[in-house]
């Protein structure tokens with residue numbers, strides 16, 4: 001009967017039983033890693049920093065258009081608190097301060 005090694009035992013040895021040790025000269029993974037890194041860099045710098053802002057500038061207000069049916073379905077999220085500003089009286093319109101009790 002063969003003894004089964006638990007993961008911490010074979011992790012210290014470098015590779016699981018029955019598999020060859022991983023080498024740093026893996027010819028299959030390195031080109032994939034390099035292509036992924038180039039793709040992420042192109043997406044970050046070319047697409048998201050130049051093309052998307054340029055298209056939004058060209059589209060103007062039409063870039064932020066929302067269909068009426070979708071506007072009715074989505075909840076009205078008041079992130080900046082503009083509805084609170086309308087509900088609370090302004091500083092000039094607030095009630096007078098109460099008289100101190102002696």
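List of remarks:
- Residue 41 being at pLDDT below 70, in a helix (DSSP H, G or I) and within 36 Å of the chain's Cα centre (by Cα): no
- Residue 8 vs. criteria at pLDDT below 80 and either on the phi < 0 side of the Ramachandran plot or surrounded by 10 or more Cβ atoms within 10 Å (Cβ to Cβ) (or both): yes
The values are calculated or read from the model by the stated rules, or taken from the named source; none is laboratory data. Fair warning: this is a prediction, and the values are worked out from it, not measured in the lab. Cβ sites come from the backbone with ideal geometry, for glycine too, and all protein chains shown count toward neighbours.
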